[in-house]
Amino acid sequence: MDRTGIGGTVDGRAARRNMSGEERRQQIVDVAAELFDRAGYAQATMGDIAAAVGLAKPTLYHYFPSKDEILVSIHEEFVNLVISQQERRATSDLAPEQRLLETMVDIMELMRTHRGHVRAFFEHHRDLPPDALRSILGKRRQYQRMVESTIQSAIDAGTFRPVDTRLASLAVFGMCNWAYQWFDASGPLSPREIAIQFWGFVTHGLMSRRSD
């Protein structure tokens, strides 16, 4: 049986009955993110989500009063995850340039583990209710400042040359954030392997080191 519990089997019904309220909410968010990725946020309905989770539509409304509220939860989960990873790494013994690599790995790994969240986060933030949008944009800026700080630390250590840290962070995000458009989890390169190559482009560029 898959994690959604779709279908009417005895095992599926038992698993659904044994879920806590928080587990059920998490299941709804995960399944909705996958559905938004496949069908599109605008096209997916609360009825579609209820059917995918294996709930009656009125029961779904007990957990989330609207599709917008599910989208808010997807955004909150995604941005809180990357911020918490960055906070933990800031206290590690890794050199700043290595912390930047792991930041890029974080983003690429999410293409595999949270693909639907990634698409919703980058394509549907304008569909958020105004208050939620302000909150999410604030957290996005917080995350960007954290990455800028990592780059500045590498500059201060003499590893990176002095650059505009805001533009440098945007360049990193530009490479990584939109990879979900083409990333294939069954492809020849893992998320980490792709991130390492991207990191090489950032740290060494594309020019040959051969001298004339």
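The values are calculated or read from the model by the stated rules, or taken from the named source; none is laboratory data. Here the structure is a predicted model, which means the values were calculated and not measured. Cβ atoms come from the backbone with ideal geometry, glycine included; neighbour counts cover every protein chain shown. Each accessible area value is taken on the protein alone, full model and side chains, heavy atoms only, with ligands, DNA and RNA left out. Shrake-Rupley method; radii C 1.70, N 1.55, O 1.52, S 1.80 Å.
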For this session: Can you confirm whether the range 169-187 contains a residue that is open to solvent by 60 Å² or more (accessible area, probe 1.4 Å) and under 23 Å from GLU69 (Cβ atoms)?
Result: no
Exercise. If we scan the range 108-124, do we find a residue that is in contact (Cβ under 8 Å) with a residue 24 or more places away in the chain, in contact with a Cys (Cβ under 7 Å, 6 or more places away or on another chain) and either open to solvent by 50 Å² or more (accessible area, probe 1.4 Å) or part of a helix (DSSP H, G or I) (or both)?
Worked result: yes
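Answer with yes or no whether ASP127 is of a type in the set (Asp, Glu), at negative phi and either free of Cβ contacts under 8 Å to residues at least 40 places away in the same chain or surrounded by fewer than 14 Cβ atoms within 10 Å (Cβ to Cβ) (or both). First the steps, then the outcome.
Details: of a type in the set (Asp, Glu): yes; at negative phi: yes; either free of Cβ contacts under 8 Å to residues at least 40 places away in the same chain or surrounded by fewer than 14 Cβ atoms within 10 Å (Cβ to Cβ) (or both): no.
When the stated conditions are applied, ASP127 does not pass them.
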Exercise. Checking MET108 against (1) within 22 Å of ASP37 (Cβ to Cβ); (2) in contact with an Asp or Glu (Cβ under 8 Å, 6 or more places away or on another chain), which single condition isn't satisfied?
Worked result: (2)
Problem set entry | Which numbered condition LEU133 fails, given (1) closer than 20 Å to LEU110 by Cβ; (2) surrounded by 11 or more Cβ atoms within 10 Å (Cβ to Cβ) | (1)
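Out of the residues in the range 188-212 that are part of a helix (DSSP H, G or I) and not hydrophobic (A, V, I, L, M, F, W, C), which is surrounded by the fewest Cβ atoms within 10 Å (Cβ to Cβ)? Walk me through it before giving the result.
Kept after step one, since they are part of a helix (DSSP H, G or I), are these residues of the range 188-212: 191-204.
Now drop any that are not not hydrophobic (A, V, I, L, M, F, W, C), which leaves 191-193, 197, 200, 203-204.
Numbers: PRO191: 21, ARG192: 15, GLU193: 13, GLN197: 12, GLY200: 12, THR203: 13, HIS204: 9.
Top of the filtered list is HIS204.
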Seminar exercise, completed: ILE151: passes all of (1) closer than 28 Å to ARG38 by Cα; (2) in contact with a Pro (Cβ under 8 Å, 6 or more places away or on another chain) but (1)
Exercise. If you take the residues of the range 40-66 that are under 23 Å from the mean Cα position of the chain (by Cα) and among the aromatic types (Phe, Trp, Tyr), which of them is modelled with the lowest pLDDT?
Worked result: TYR41
For this session: Among the candidates LEU94, LEU101, single out the residue that is in a helix (DSSP H, G or I) and either farther than 14 Å from ASN177 by Cα or in contact with a helix residue (DSSP H, G or I) (Cβ under 9 Å, 6 or more places away or on another chain) (or both).
Result: LEU101
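Please go through the range 36-71 and pick out each residue that is part of a loop (DSSP other than H, G, I, E, B) and among the polar types (S, T, N, Q).
First, pick out the residues of the range 36-71 that are part of a loop (DSSP other than H, G, I, E, B): 40-45, 54-56, 64-66.
Across the range 36-71, the qualifying residues are GLN43, THR45, SER66.
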For this session: Would you mind stating whether ARG141 is at pLDDT 95 or above, open to solvent by 30 Å² or more (accessible area, probe 1.4 Å) and either within 21 Å of LEU110 (Cβ to Cβ) or acidic (Asp, Glu) (or both)?
Result: yes
Seminar exercise, completed: Counted residues in the range 67-98 being among the polar types (S, T, N, Q) and within 18 Å of the chain's Cα centre (by Cα) come to 5
Problem set entry | Filtered residues of the range 32-61 (kept if β-branched (Val, Ile, Thr) and open to solvent by 10 Å² or more (accessible area, probe 1.4 Å)) | THR45, THR59
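Conditions (1) among the β-branched types (Val, Ile, Thr); (2) touching a Gly at 6+ places or on another chain (Cβ under 9 Å); (3) closer than 15 Å to THR113 by Cα, marked per residue:
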residue	(1), (2), (3)
THR159	yes, no, no
PRO162	no, no, no
ALA171	no, no, no
GLY174	no, no, no
ALA185	no, no, yes
PRO188	no, no, no
PRO191	no, no, yes
TRP199	no, no, no
ARG209	no, no, no
